[in-house]
Amino acid sequence: MEIEDKIEAEITPSLTDMGYEVVRVSLIGGDVKTIQVMAERSDRESMTLEDVTKVSRTVSALMDIMDPFAGRWTLEVSSPGIDRPLFKIADYERFLGAEAKVETIKDMDGRKRFKGRLIRVDNAKDIIMNVDGAEVVLPFDNIHKAKLILTDDLLKADMKKH
C-alpha cells in the first residue's frame, strides 16, 4: 500500500463522520513533503472556507498522530471545484451525461486524448464516452487523468444545488 493510500485510509473515517468525502490524497515534494488532500461535502453543497479549515485542522491532527514520514511536511486542502478531476469509478458514475477530457496511459487507436460525453460505466471497469458521435470504450485502468469540462450544462446543474 502506497503512503497516499495509507493517509487516505487514516483520514477517511474522521472526515466521513464530519460530513466530507475524500476525493484524492497526493504527496509531492522532496525534503519537505506536501500532503495534498482534495475533499468535498457529502451533501454535495459547495465547500466554504470554514469547511476547508475544518478539514485542514482534522487532517493535520491525524497526520501529527500518524507521523507518515520523517521530517517536516506541509498540508494543502482544497475542493475539487465544478470542473473537477475524476479519480474513481464512482466519479464517472456520478457525472454520467457530463462532458469530460480523458487522457489514457497507452495509445488507443493511435490517440491518448479523448473529449466527449460520459455515457455509462460497464462492469465497473470500462468508461464509455461519446467522442465525435461514436462510442469509445476506455478501460478504467488505462486512464491516466480525467476531468470534467466546464459547460453551461455543468454550471446549470451546479446552480440547481443551491
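A compact table of results
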item: Residues within the range 104-162 that are without any contact (Cβ under 8 Å) to a residue 60 or more places away in the chain, assigned to a loop (DSSP other than H, G, I, E, B) and over 14 Å from residue 87 (Cα atoms), tallied; result: 6
item: Residue among 61, 39, 98 that alone is modelled with pLDDT of 95 or more and within 17 Å of residue 147 (Cβ to Cβ); result: 39
item: The one condition in (1) touching a strand residue (DSSP E or B) at 6+ places or on another chain (Cβ under 8 Å); (2) under 30 Å from residue 154 (Cα atoms); (3) in contact (Cβ under 8 Å) with a residue 60 or more places away in the chain that residue 69 fails to fulfil; result: (2)
item: Scan of the range 24-45 for residues that are of a type in the set (A, V, I, L, M, F, W, C) and in contact with an Asp or Glu (Cβ under 6 Å, 6 or more places away or on another chain), ordered by number; result: 25, 27
item: Residue selected from the range 1-45 under the condition touching a residue at least 60 places away in the same chain (Cβ under 8 Å) and touching a Lys or Arg at 6+ places or on another chain (Cβ under 8 Å), by the criterion nearest to residue 84 (Cα to Cα); result: 23
item: Scope the range 40-92; condition among the charged types (D, E, K, R), closer than 23 Å to residue 117 by Cα and part of a loop (DSSP other than H, G, I, E, B); matching residues; result: 44, 83, 84, 88
item: Residue satisfying condition, being surrounded by fewer than 16 Cβ atoms within 10 Å (Cβ to Cβ) and under 29 Å from residue 27 (Cα atoms), within set 87, 114, 140, 69; result: 69
item: Residue match in the range 15-33 (condition: part of a strand (DSSP E or B), at pLDDT 90 or above, aromatic (Phe, Trp, Tyr) and over 30 Å from residue 127 (Cα atoms)); result: no
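The values are calculated or read from the model by the stated rules, or taken from the named source; none is laboratory data. Note that the structure is a prediction, hence the values are computed from the model and not measured. Backbone-built Cβ (ideal geometry, glycine too); neighbour counts: all protein chains shown.
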